[in-house]
Structure formats: structure tokens, C-alpha cells
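Enquirer: The following block contains the structure, expressed as C-alpha cells.
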Amino acid sequence: MEDSWKKDLAWILIALLAVFALQVGLKVALHTDSPLVIVVSESMEPVFYRGDVVLLKGINEENIDDVHVGDVIVYKRPGYEYPIIHRVREIETVELGGKVEKCFVTWGDNNWAPDPDFPTPYGMVPCVPAYAVEDKALVVFPKIGLIPLIIREHLGLG
């Protein structure tokens, strides 16, 4: 019986190392700092629900052409605490500082209108500039993030 706690501790350590290795491996393989994110709002229902975990692939200048109408992207919007995960409805081009840039009209599947104009150093644009896009959604794992989400909210962390 005395060795029982040692075995339990060993399994806990193995599980923690496995989770850490998985997270690091996904970061490297998918070229993103956040390969797994928990959905925190209802804006993408019925595709993503609060508490779902989404697997993401990093998007940058080299692979921005991998984003198409119908894809779900993650982007950072100035003034918002959390990144936004919404569907691409149209792809346009805009001129920003003399440079033509790809720009994505997005909105959540549960929203009735496109996302608001995006603030850039050159003024507001009616779409998300390519430079703001960080990730593209690949797979959703339903509800597995619900418990951590509830705990975070009860602790006032999110």
C-alpha cells in the first residue's frame, strides 16, 4: 500500500508530460502559439458552442492564400480581449498605406450581420486585413473545454 501513492504520482506526472508534449508538438506542427482554443461565445452556433475546443493552424503571409470563403478564421481585433473566431463570407482587396492587401469579410454563423469595420493605421476598413489573421480552424472537439471554461469564469479569469 505504501507504493500506491508513488504509482499514482507517477501516472499523474506521465499524464502531465504527455499533455505538455502534445501541446508543444501541435505548436510546432501547426505553426501557431495556440493550437487548441476554447470557444467562449455563442457567435458561431450551431457550428461551435461555448466549451468546444477548436484545433487551429497558423496563418501568415506565406499561406494566407489557404484561406477561402467558408473557412473559419481567428483574428485579433484592436480593443478586444480575446481573438475572434468567425467565418469568411467574402474575400476582397483594400489599399492600406499604398499597398494592396487581401481582406476578409467575416461574421459569426449565429450573427445577423458582418463584423464591424476594422481599425487600421490608415483608417477603418469593412473587412479583416490579412495581417490580422492568425489562424484557421481545422477541427472541433465538442464540449471538452466546458469544465475549464466554467472554472476560469468562476475564478474571474475570463
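Enquirer: Quick check on segment 4-11. Is at least one of its residues surrounded by 17 or more Cβ atoms within 10 Å (Cβ to Cβ) and either in a strand (DSSP E or B) or charged (D, E, K, R) (or both)? Explain how you work it out, then say what you get.
Expert: Just the residues of segment 4-11 that are surrounded by 17 or more Cβ atoms within 10 Å (Cβ to Cβ), to begin with: none.
No, every residue in segment 4-11 fails to be surrounded by 17 or more Cβ atoms within 10 Å (Cβ to Cβ) and either in a strand (DSSP E or B) or charged (D, E, K, R) (or both).
Enquirer: Same structure, new question: If we keep just the residues of segment 126-148 that are surrounded by 19 or more Cβ atoms within 10 Å (Cβ to Cβ) and hydrophobic (A, V, I, L, M, F, W, C), which is farthest from P78 (Cα to Cα)?
Expert: Looking at the filtered set, the residue picked out is A137.
Enquirer: Please find, within segment 84-98, the residue that is most open to solvent (accessible area, probe 1.4 Å) out of those that are at pLDDT 90 or above and not aliphatic (A, V, I, L, M).
Expert: E95
Enquirer: In segment 78-158, which strands (runs of 3 or more DSSP E) lie fully inside it and hold 3 or more residues that are under 15 Å from the mean Cα position of the chain (by Cα) and touching a residue at least 40 places away in the same chain (Cβ under 8 Å)?
Expert: Values: elements: 84-96, 99-107, 118-120, 123-125, 133-141.
The qualifying strands (runs of 3 or more DSSP E) are 84-96, 133-141.
Enquirer: If you take the residues in segment 47-77 that are among the charged types (D, E, K, R) and in a loop (DSSP other than H, G, I, E, B), which one is modelled with the highest pLDDT? Steps first, answer last, please.
Expert: If we filter segment 47-77 for residues that are among the charged types (D, E, K, R), which is where we start, we get 50, 52, 57, 61-62, 65-66, 71, 76-77.
Imposing the further condition that a residue be in a loop (DSSP other than H, G, I, E, B) reduces the set to 50, 52, 61-62, 71, 76-77.
On the way: R50: 90, D52: 92, E61: 89, E62: 92, D71: 97, K76: 92, R77: 93.
Ranking the candidates gives D71 first.
Enquirer: Condition first: of a type in the set (D, E, K, R), free of Cβ contacts under 8 Å to residues at least 60 places away in the same chain and under 28 Å from E153 (Cα atoms). Can you find one or more residues in segment 34-56 that meet it? Can you show your working first?
Expert: Pass one, segment 34-56, residues of a type in the set (D, E, K, R): 42, 45, 50, 52.
Narrowing the set further to residues that are free of Cβ contacts under 8 Å to residues at least 60 places away in the same chain leaves none.
The answer is no; no qualifying residue exists.
Enquirer: Checking D66 against (1) surrounded by 12 or more Cβ atoms within 10 Å (Cβ to Cβ); (2) touching a residue at least 60 places away in the same chain (Cβ under 8 Å): exactly one of these is not met. Which one?
Expert: Failed condition: (1).
The values are calculated or read from the model by the stated rules, or taken from the named source; none is laboratory data. Keep in mind it's a predicted model, so treat the numbers as computed, not measured. In this analysis, Cβ positions are derived from the backbone assuming ideal geometry, glycine residues included, and neighbour counts consider all displayed protein chains. The accessibility values were calculated without ligands, DNA or RNA, using every heavy atom of the protein model including side chains. Shrake-Rupley method; radii C 1.70, N 1.55, O 1.52, S 1.80 Å.
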